[in-house]
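S.K.: The structure's right below; bear with me while I get my questions together.
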């Protein structure tokens with residue numbers, strides 16, 4: 001009988017794009033993370049990292065850094 005090994009999930013990659021500059025709200029203009037999110041990234045679980053990425057997406061859309069294009073109507 002073989003013991004099943006848990007599937008090892010790869011770590012969620014950092015959204016860093018090497019454009020490291022903080023705006024007036026202390027959010028990186030490159031990756032849209034806060035200083036706390038950047039410094040804590042290595043200690044976060046994949047679930048926590050995905051949550052941060054979702055917030056970064058919201059920040060990017062709200063600031064106009066990223067936008068959606070509507071499909072054909």
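S.K.: Please specify each residue of region 1-33 satisfying the condition of being farther than 16 Å from residue 60 by Cα and surrounded by 10 or more Cβ atoms within 10 Å (Cβ to Cβ).
M.R.: Once the filter is applied, which keeps residues that are farther than 16 Å from residue 60 by Cα and surrounded by 10 or more Cβ atoms within 10 Å (Cβ to Cβ), region 1-33 yields 11, 12.
S.K.: Moving to a separate point now. Can you work out which of the residues in region 34-73 that are modelled with pLDDT under 90 and surrounded by fewer than 11 Cβ atoms within 10 Å (Cβ to Cβ) is farthest from residue 10 (Cα to Cα)?
M.R.: Ranking the candidates gives 73 first.
S.K.: Count, please, the residues in region 1-54 that happen to be in contact (Cβ under 8 Å) with a residue 12 or more places away in the chain, touching a helix residue (DSSP H, G or I) at 6+ places or on another chain (Cβ under 9 Å) and in a helix (DSSP H, G or I).
M.R.: 4
The values are calculated or read from the model by the stated rules, or taken from the named source; none is laboratory data. These numbers were taken from a predicted model, which means no experiment stands behind them. Don't worry about glycine lacking a Cβ; one is built from the backbone with ideal geometry, like all the others, and counts go over all protein chains shown.
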